[in-house]
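Participant: The structure follows.
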Amino acid sequence: MTVPPVPRFSRTPHLVELVAETERLAQAVAGAPAEARAALRDGRLDAAAVATLRLDGSPLHAPPDVRGIEVPDPDEVDPTEIRPGTWLDAMRRGNDEALEDDAVTEVQAIEFIGVRAGLGSDDLADDLLAEPLEALSSLHQRITRGLVETLQAGRPRRSEQAVHDGRTGRIIFFPSEPADIPRDAALLAGWLVSAAAREHALVVSGVLQHEILRIHPFEAANGRLARTAARLVLRSRGLDPDGLGAPEVALATDPIGYHDEVARTIRRRDLTIWLERWAEAVAAGLRDAARDLGVLDVDVRDEAARWVLQRPAFTIADYRAELSVGPETARAELGALLDAGRVRRVLGSRGLRFETVSS
C-alpha cells in the first residue's frame, strides 16, 4: 500500500473563512507605513520567540537579557559539556549546576538567541519550498547553535523518542521511528516541492508544521523548528512578509491543547481541525499586528459590546439567540468584536466558541 505524503484535509467553511480573514488582515498590515512596520518588527519577533519556547516547556515570560551571553561555537565546545536541546532537558540532566539560577538563565538566553536567529532566517524562506530537507537542516543548525553537538545539529534523529507533557510527564504521542524518518521526510519534501504551489500559504505552513512535529526528524528542538519553518513559509508566500503576525502567542495560551491536537491529528490522519487551529492562530497574530499599527477600521454595535462584557465565554449560538440575529449578522458582528480586541476565538473550537478579553 502506498503511504500518502501527508494526511488528508477538508476545505471546511470555517477554514475557507479563515483564509479570507487572514488575507484581509495581511492586506491591512501591508497598508501600514513601512516605518511603522519596521518599528514593530523586533517586538513581535521577541514575543514569537518567547511564546514558541513556552510551547516547548520553557518558563520564560519575557525576552531574557542576552547582553554578555556568548553563544558557544559547537566546534569548540567540549562534548562532555554539551547542553541538550531544550530547557527541560537541561533541568533533567541530574547535574547540580544546571539548577543554579545563572546556569538556567544562560540556557534560556542561548535558546532565545537561537529561535530569534531562526525567525530572522529570511534567506531560507524560499528554500523551504524548493529544497526543503537542506533548508530544514540549515534552520535546525541555526536554532540549536550552542545547544547541541555539531554532529547532531541538522542530522536525522537516530534515537527513539516520545513527546511528553513537560508538566506531568504524560506521553502525548510517539513520533516516527528513526528508521522511518528518511522516508517520511522525503514524502513531506516531495509534497512541498510539487503540491505546495497549488495550496494556500495557511495550508502549506500548517502541513509543514504538523509533519515536522509528527516526524520529529532531529534529536532536539523539533517543536520550535516546526513553528519557525511554518512562519518562514507565511513570509515567503506573502501572507506575513514582515514577520509581524506572531501566531505562537495565541498557540501558547493553550500548550496542552496544541500538543494534544497534534496527537489527535496523527490518530485520525485528517489535518482539517489542526489546519483550522493553526489558521485561527495566524489570524489572531495578524489581527494583533494590525491593531498595533492602527490600520483596522472597527465599528462595534453598542448592544453587542455591552452583551459580551457580561459573559467571560460564549458560543456563536448563544450570541445569535440572545441578540436575535441571523448567522451572517452574527459572523459580521463577531468579526468586528475580534478586530476591536473585545473577544478572541477559543482555538480548536472550529469557530464556535469565544472568550471575552478583559480590558
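Participant: Which of Ala30, Ala39, Ala135 ends up with the largest GNM mean-square fluctuation for the chain, with Cα atoms connected below 10 Å?
Facilitator: Evaluated over the chain, the most mobile residue of the options is Ala39.
Participant: Can you work out the Karplus-derived ³J(HN,Hα) for every residue in region 107-120? Use 6.51 cos²θ - 1.76 cosθ + 1.60 with θ = phi - 60°, whole Hz, and x for glycine or proline.
Facilitator: For region 107-120, the Karplus curve yields 4, 4, 5, 5, 4, 4, 4, x, 5, 4, 5, x, 5, x Hz.
Participant: Round to a whole angstrom and tell me the spacing of the C-alpha centers of region 269-328 and region 173-233.
Facilitator: 29 Å
Participant: Right, next: Indicate, rounded to the nearest 5 percent, the antiparallel portion of the DSSP beta bridges found entirely in the chain.
Facilitator: Of those bridges, close to 90 percent are antiparallel.
Participant: Which one of Trp274, Trp307, Trp191 has the biggest mean-square fluctuation once the chain is modelled by GNM with Cα springs under 10 Å?
Facilitator: Trp307
Participant: If you don't mind, another one. Have a look at Glu322, Glu17, Glu276 and tell me which one the Gaussian network model of the chain (Cα, springs below 10 Å) gives the largest fluctuation.
Facilitator: Of Glu322, Glu17, Glu276, the most mobile in the Gaussian network model is Glu322.
Participant: At a threshold of 8 angstrom on Cα-Cα distance, excluding pairs fewer than six apart, so keeping six or more, what relative contact order does region 298-359 reach in percent?
Facilitator: Answer for region 298-359 is 41 percent.
Participant: Which label belongs to the value computed from this structure, given these candidates for semi-axes √(5λ) of the Cα gyration tensor in Å: [x] 31, 24, 22; [y] 35, 23, 20; [z] 30, 29, 21?
Facilitator: So the calculated entry is the one marked [y].
Participant: Work from the charge dipole of the chain (Cβ charges, +1 for Lys and Arg, -1 for Asp and Glu, about the Cα centre) and give the residue of Ala38, Thr315, Gly245 farthest towards its positive end.
Facilitator: Result: Thr315.
Participant: Now, a different point. For region 196-289, calculate the relative contact order in percent as a whole number, restricting contacts to Cα pairs under 8 Å that are 6 or more residues apart.
Facilitator: Normalised by residue count, the contact order of region 196-289 is 34 percent.
Participant: Continuing with the same structure: Just add up the charged neighbours of His14: K/R +1, D/E -1, any other residue whose Cβ is under 11 Å from the Cβ of His14.
Facilitator: Residues close to His14 contribute a combined charge of +1.
Participant: Normalised by the residues of the chain, what does the relative contact order come to in percent, with Cα pairs under 8 Å and at least six apart?
Facilitator: Relative contact order of the chain: 22 percent.
Participant: Once amide H atoms are placed 1.01 Å from N in the peptide plane, what residues at a sequence separation of 5 or more from Phe173, or on another chain, have their amide H within under 5 Å of its amide H?
Facilitator: Residues meeting the amide H criterion: Val163.
No lab work stands behind these numbers, since they all come straight from the coordinates. Computed from a predicted model, the values in this text were never measured in an experiment. Please note: Cβ atoms are built from the backbone with ideal geometry, for glycine as well, and neighbour counts cover all protein chains shown.
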